[in-house]
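K.L.:
Just dropping this structure here.
The values are calculated or read from the model by the stated rules, or taken from the named source; none is laboratory data. Here the structure is a predicted model, which is why all the values come from computation and not from measurement. FYI the Cβ positions are ideal-geometry reconstructions off the backbone, even for glycines, and counts take in every protein chain you see.
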Amino acid sequence: MSSPSASGGAPITDKRQLVEYLASGGKPPADWRIGTEHEKFVFRRSDHRRVPYEGPDGIGALLQGIQAQGGWAPVLDGETVIGLFDGAAAISLEPGGQFELSGAPLRNLHETCAETHRHLRQVRDVTERLGIGMLGLGFDPEWRRQDVPFMPKRRYDIMRRYMPKVGTLGLDMMLRTCTVQVNLDFADEADMVKKFRVGLALQPLAVALFANSPFTEGKPNGFVSYRSEIWTDTDPARTGILPFVFEPGMGFERYVDYMLDVPMYFVYRDGNYTDCAGQSFRDFMRGKLPALSGALPVMSDWVDHLTTAFPEVRLKKFLEMRGADGGPWRRLCALPALWTGLLYDQGALDQAAALVANWTHAEHAALRRDVPRQGLAANFRGRKLQDWALEILGIARAGLQARARLDTTKDDERIFLDTLFEIAESGKTPAERLLADYETRWRHSIAPLYDELAY
């Protein structure tokens, strides 16, 4: 989750200002970039427990150790260091101490995968000294909600109080999930809409290919992506399929209307958070926000508010693809490869858009419902999702080939899709492979995964 924006700017009194903010994200294709974000669980190697912020082996010590390597400036919440920033990339903390890299906007997948490698190597240098490790999964495999310590970020205190009022699994989302996502640019409104529709329609495919959360409290939970299931009972006002994206008239203004209906969490001003949970940004624009009567929002308030909706594709001044479980190093590079191949080559985008153009809301809903349990075995329009996955991966691979971005050995970006082709061709999600290990090699214990899946 994002840190708050710096306060400031002219008062917002007209919806057009909000629309223009989103539209200003448009860029020519030569300026399109790839920004990859990934979260990891931090655990003690001695007992596999999740790590608190405090203590000689805590998250605070981990941040200090990384900062001491040079190049990183601290991000503060009050006087507490809750992240790091190097001018382009950022390290931040999810509510339960999940450790997130928000990568720099980079030109190609070779650069973004190299960034991931550098980050994991840098983190490992520190974690090994502290006796802790990092785990790539979509859902905490062992620890109960009450076993996970909250991080000292004040916005999370507000969410912590509000989440149980609107869903039963919101605190699990905050404390026990990890994801990998990619942020991609658009040229203009029409390009944004096409990419949004393709991305939203195909998120269940990403859920299946990256499904990696089959355990809860040490036992199989009946899902291949329990992380994905968590989102179905987190907060219906800020999650879901967003049917309006597929309707005529979709554009920046329609998304602004959606966000104006998403209840607020907070307002951040002058280093302080005001709890506005459940209140209306529309009222804020009229100076009638109950928590701050007479105050008007500024653009930093809108930027913060945009981070508090959680659809599986989220619009800011770029598009965020948010449907995948966290996983091992190769899949951290594969997720941006999938979406870059589909969305950054015009031929691939047109082909993918034509493929999903007549899918109905009922079909979207059925696919979203079935995939967290069934993965690639789910049926859609008379075909297994496995077959759809191979077709979509073929489109993505052609898109990456057309981009022709080469590394020093003359390989193009298609190499980063190899792990996804292996998954799709097998028909088995990563979660199903973990379950097979649990039943055989691991002898009904999840303890081995802390060694086998640690970065």
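K.L.:
Please go through segment 29-64 and pick out each residue that is charged (D, E, K, R), in contact (Cβ under 8 Å) with a residue 12 or more places away in the chain and more than 24 Å from residue 329 (Cα to Cα).
P.N.:
Residue satisfying the conditions is 31 alone.
K.L.:
Is it true that residue 302 is in contact (Cβ under 8 Å) with a residue 12 or more places away in the chain and under 23 Å from residue 361 (Cβ atoms)? Steps first, please.
P.N.:
Values: in contact (Cβ under 8 Å) with a residue 12 or more places away in the chain: yes; under 23 Å from residue 361 (Cβ atoms): no.
It is false that residue 302 is in contact (Cβ under 8 Å) with a residue 12 or more places away in the chain and under 23 Å from residue 361 (Cβ atoms).
K.L.:
Touching a Phe, Trp or Tyr at 6+ places or on another chain (Cβ under 6 Å) and without any contact (Cβ under 8 Å) to a residue 12 or more places away in the chain: does that describe residue 372?
P.N.:
On the way: touching a Phe, Trp or Tyr at 6+ places or on another chain (Cβ under 6 Å): yes; without any contact (Cβ under 8 Å) to a residue 12 or more places away in the chain: no.
So residue 372 does not fit the description; no.
K.L.:
Starting from residues that are of a type outside the set (Asp, Glu), touching a strand residue (DSSP E or B) at 6+ places or on another chain (Cβ under 7 Å) and more than 22 Å from residue 60 (Cβ to Cβ), keep the ones in segment 110-130 and report whichever is surrounded by the fewest Cβ atoms within 10 Å (Cβ to Cβ).
P.N.:
116
K.L.:
Going through 160, 176, 227, 155 one at a time, which residue ends up being among the basic types (Lys, Arg) and either without any contact (Cβ under 8 Å) to a residue 24 or more places away in the chain or in contact with a Ser or Thr (Cβ under 6 Å, 6 or more places away or on another chain) (or both)?
P.N.:
Numbers: 160 fails: either without any contact (Cβ under 8 Å) to a residue 24 or more places away in the chain or in contact with a Ser or Thr (Cβ under 6 Å, 6 or more places away or on another chain) (or both); 176 fails: either without any contact (Cβ under 8 Å) to a residue 24 or more places away in the chain or in contact with a Ser or Thr (Cβ under 6 Å, 6 or more places away or on another chain) (or both); 155 fails: either without any contact (Cβ under 8 Å) to a residue 24 or more places away in the chain or in contact with a Ser or Thr (Cβ under 6 Å, 6 or more places away or on another chain) (or both).
Answer to the selection: 227.
K.L.:
Which ones in segment 408-438 are within 15 Å of residue 213 (Cβ to Cβ), among the hydroxyl-bearing types (Ser, Thr, Tyr) and in a helix (DSSP H, G or I)?
P.N.:
438
K.L.:
Can you tell me which residue in segment 13-64 is surrounded by the fewest Cβ atoms within 10 Å (Cβ to Cβ), limited to those that are among the basic types (Lys, Arg) and part of a strand (DSSP E or B)?
P.N.:
Once the filter is applied, the top-ranked residue is 44.
Residues checked against (1) over 18 Å from the mean Cα position of the chain (by Cα); (2) under 22 Å from residue 233 (Cα atoms); (3) of a type in the set (Phe, Trp, Tyr):
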residue	(1), (2), (3)
330	no, no, no
344	yes, no, yes
354	yes, no, no
361	yes, yes, no
387	yes, no, no
391	yes, no, no
397	yes, no, no
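K.L.:
When you go through 161, 145, 176 one by one, which is the residue that is touching a strand residue (DSSP E or B) at 6+ places or on another chain (Cβ under 7 Å) and at pLDDT 95 or above? Before you say what the answer is, go through the steps one by one.
P.N.:
On the way: 161 fails: touching a strand residue (DSSP E or B) at 6+ places or on another chain (Cβ under 7 Å); 145 fails: touching a strand residue (DSSP E or B) at 6+ places or on another chain (Cβ under 7 Å).
Residue meeting the stated conditions: 176.
K.L.:
Across segment 348-369, which residue is nearest to residue 138 (Cα to Cα) among those that are among the polar types (S, T, N, Q) and without any contact (Cβ under 8 Å) to a residue 24 or more places away in the chain?
P.N.:
360
K.L.:
Let me ask you something else. Hey, does segment 261-279 have a residue that's among the aromatic types (Phe, Trp, Tyr) and in contact with a Leu (Cβ under 8 Å, 6 or more places away or on another chain)?
P.N.:
Here is the first cut: in segment 261-279, the ones among the aromatic types (Phe, Trp, Tyr) are 265-266, 268, 273.
When the remaining residues are screened for being in contact with a Leu (Cβ under 8 Å, 6 or more places away or on another chain), the result is none.
Within segment 261-279, not a single residue is among the aromatic types (Phe, Trp, Tyr) and in contact with a Leu (Cβ under 8 Å, 6 or more places away or on another chain).
K.L.:
Within segment 371-407, how many residues turn out to be of a type outside the set (Lys, Arg), within 26 Å of residue 431 (Cα to Cα) and assigned to a helix (DSSP H, G or I)?
P.N.:
Qualifying residue count, segment 371-407: 18.
K.L.:
Here's another thing I want to ask about it. Return the only residue of 205, 171 being buried (at least 23 other Cβ atoms within 10 Å of the Cβ), among the aliphatic types (A, V, I, L, M) and in a helix (DSSP H, G or I).
P.N.:
Of the residues listed, the single one that is buried (at least 23 other Cβ atoms within 10 Å of the Cβ), among the aliphatic types (A, V, I, L, M) and in a helix (DSSP H, G or I) is 205.
K.L.:
Are any residues in segment 131-155 assigned to a helix (DSSP H, G or I) and surrounded by fewer than 20 Cβ atoms within 10 Å (Cβ to Cβ), and if so, which ones?
P.N.:
Result: 145, 146, 147, 154.
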